[in-house]
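One structure is given here, and the rest of the page talks about it.
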Amino acid sequence: MSSSGIEDQGLARARAAFANVAYAKFLGLELCEIKTGEVSVCLDVREELKQNQGVVHGGAVASLIDTASAFAILTKLAPDERVTTTDLTIHYLRPITGGRLIATARIIRGGRRMFVVNVEVDNQGRVVPTAVTSNLKI
């Protein structure tokens with residue numbers, strides 16, 4: 001099978017897997033764009049995601065980032081491979097009070113055992129948090 005065929009299978013597998021993640025559905029996450037090694041996951045801000053000061057809860061943003069990162073990696077894995085997040089470092093740059101969040105995750109290093117992913121979250125044309133994740137094959 002050509003590398004293009006393998007990549008197409010990885011993308012199809014990632015799309016199918018995303019549709020079955022109950023937590024992503026619960027949060028309202030959407031798979032917006034998918035390429036090999038790069039995924040964008042979107043989230044519309046709702047009142048239920050805000051903390052008592054009217055700002056989106058950091059945990060909801062962390063879940064968005066972690067999900068985007070995991071699915072960017074999934075596009076590069078063989079069907080029998082799995083990963084788990086070992087590190088998630090987020091820099092919250094601005095408060096988020098409304099709009100649509102777009103988390104774009106790009107693999108910056110994919111080794112035999114470890115993946116490092118950079119994630120930027122856009123809110124109305126501005127990067128609001130940026131993050132780096134490390135994921136280990138299990």
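Summing Lys and Arg as +1 and Asp and Glu as -1 over all other residues whose Cβ lies under 14 Å from the Cβ of Ile102 gives a net charge of -3.
Distance between the 7 Å Cα→Cβ label points at Ser134 and Asn52: 3.6 nm.
Highest GNM mean-square fluctuation, the chain, Cα pairs closer than 10 Å: which of Asp122, Asp44, Asp80? Checking each option, the largest mean-square fluctuation is seen for Asp80. Scanning residues 5 or more positions from Gly99 or on other chains, those with amide H under 5 Å from its amide H are Val45, with H placed 1.01 Å from N in the peptide plane. For the chain, the longest principal axis of the C-alpha atoms and the axis of helix 58-74 are separated by about 10°. Placing a label point 7 Å from the Cα of Arg126 along the Cα-to-Cβ direction, the residues of the range 77-101 whose backbone N falls under 19 Å of that point are 91-101. Between the residues Gly110, Ala17, Thr75, the greatest Cα displacement towards the positive end of the dipole of the chain, with unit charges on the Cβ of Lys, Arg, Asp and Glu, is found for Gly110. Taking the Cα centre of the chain as origin and assigning +1 to Lys and Arg Cβ atoms and -1 to Asp and Glu Cβ atoms, the resulting dipole is close to 240 debye.
In the chain, the longest principal axis of the Cα atoms and the axis of helix 3-18 are about 40 degrees apart.
Taken one residue at a time, the phi angles of the range 100-117 give Karplus couplings (6.51, -1.76, 1.60, θ = phi - 60°) of 10, 9, 10, 8, 10, 10, 10, 5, 9, 8, x, x, 5, 10, 10, 10, 10, 10 Hz. Gly and Pro are set to x.
None of the figures in this text is laboratory data; all of them are computed from the coordinates on show. Everything quoted here is computed from the prediction, not taken from an experiment. We place every Cβ from the backbone using ideal geometry, glycine too, and count neighbours over all the protein chains shown.
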